[in-house]
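Report on one structure; see the data block that follows.
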Amino acid sequence: MTKRYLTIVFILFFAITYAQNIQLPTEYISNSTLGGVNNNLPANVQGSPYVNEEFVIGKVFINEDKPYTGLLRYNAYNDGIEMKTEKGIITLLKRDYLKAQIDGKLYQIENYKTENGTIRKTYFAELNKGKARLLLKQKKKFVEAKPARSSYSKDQPPKFEDDNTYYIITEGNAAIATKLKSNDVLAAFAVHQKELQDFVKQNKLKLKTEAEVIQLLAYYNSL
């Protein structure tokens with residue numbers, strides 16, 4: 001092994017060990033989830049309830065205090081931030097003042113509007129900053145096992161499927177679900193409709209990608 005390689009290994013080992021030894025104050029931990037929350041899943045389930053199965057070094061932010069570093073992952077099935085500690089796997093309480101940065105994404109609780117108009121809270125991954133933001137709701141849907149319909153087909157084991165949704169949130173309002181297409185994105189804004197439509201037309205935006213929507217939001221935030 002080269003000296004440089006050994007140095008990198010040592011740094012990673014130290015970082016992971018340090019992260020595991022960081023302990024959050026107990027008032028920020030859900031006591032009912034020590035050891036994990038997926039213990040009752042079928043043994044043959046395919047896929048994962050997590051955005052990323054492995055824990056990665058991330059940060060937990062509590063209000064404006066200095067962040068805690070730890071090994072984190074997001075449980076998209078149960079909508080929880082999990083941390084690996086010496087005592088086992090713990091889950092953060094779902095509170096507005098608790099945020100977590102995992103694999104480059106900031107997860108935080110936001111209000112959102114359901115299809116029937118009810119306001120609820122959930123974790124979103126924030127994709128940009130400003131008075132208007134694009135949010136990604138990462139969700140895992142559990143699909144039950146299905147027996148074979150005939151001797152020519154096979155049993156289908158239970159599985160997790162991605163069920164992600166984009167939302168747009170503006171200051172003082174709950175997030176609204178949107179599809180990445182022009183009409184849906186523009187419908188999320190109550191003001192500056194004419195300016196936004198002109199900007200989309202002038203820049204030949206289709207609003208079918210995160211990058212194009214974020215470009216539009218940057219313009220909106222400048223108004």
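The values are calculated or read from the model by the stated rules, or taken from the named source; none is laboratory data. Just so you know, these numbers come straight off a predicted model, no measurement behind them. Cβ coordinates were reconstructed from backbone atoms using ideal geometry, including for glycine residues, and neighbour counts include every protein chain displayed.
Selection within segment 109-133: residues that are at pLDDT 95 or above and of a type in the set (Asp, Glu). The member of this set that is nearest to the chain's Cα centre (by Cα) is 126. I'm checking my understanding of the structure. Among residues of segment 178-212 that are in contact with an Asp or Glu (Cβ under 8 Å, 6 or more places away or on another chain) and either without any contact (Cβ under 8 Å) to a residue 24 or more places away in the chain or in a strand (DSSP E or B) (or both), which one is farthest from residue 109 (Cα to Cα)? Only one residue fits best here, namely 205. Tallying residues that are aromatic (Phe, Trp, Tyr) and out of contact with any strand residue (DSSP E or B) (no Cβ under 8 Å at 6 or more places or on another chain) within segment 150-193 yields 1. Kindly establish whether residue 133 is of a type in the set (Lys, Arg) and within 21 Å of residue 50 (Cβ to Cβ). No, not satisfied. For the structure I just gave you, tell me whether residue 86 is more than 20 Å from residue 167 (Cβ to Cβ) and either in contact with a Phe, Trp or Tyr (Cβ under 6 Å, 6 or more places away or on another chain) or charged (D, E, K, R) (or both). Here the answer is yes, as residue 86 does meet what is asked.
For segment 56-93, filtered to residues that are surrounded by fewer than 17 Cβ atoms within 10 Å (Cβ to Cβ), without any contact (Cβ under 8 Å) to a residue 40 or more places away in the chain and of a type outside the set (S, T, N, Q), the residue that is nearest to residue 139 (Cα to Cα) is 67. Taking residues in segment 155-172 that are free of Cβ contacts under 8 Å to residues at least 40 places away in the same chain, and partners anywhere that are not in a strand (DSSP E or B), the pairs with Cβ atoms closer than 6 Å and at least 6 places apart or on different chains are 155/147; 155/148; 163/139; 164/138.
Among the residues of this structure, residue 215 does not count as one that is at pLDDT 95 or above, part of a helix (DSSP H, G or I), of a type outside the set (Gly, Ala, Ser) and exposed (fewer than 15 other Cβ atoms within 10 Å of the Cβ). For segment 190-209, check the following and say yes or no: at least one residue is basic (Lys, Arg) and either touching a Lys or Arg at 6+ places or on another chain (Cβ under 9 Å) or surrounded by 12 or more Cβ atoms within 10 Å (Cβ to Cβ) (or both). Scanning segment 190-209, I find at least one residue that is basic (Lys, Arg) and either touching a Lys or Arg at 6+ places or on another chain (Cβ under 9 Å) or surrounded by 12 or more Cβ atoms within 10 Å (Cβ to Cβ) (or both), so the answer is yes.
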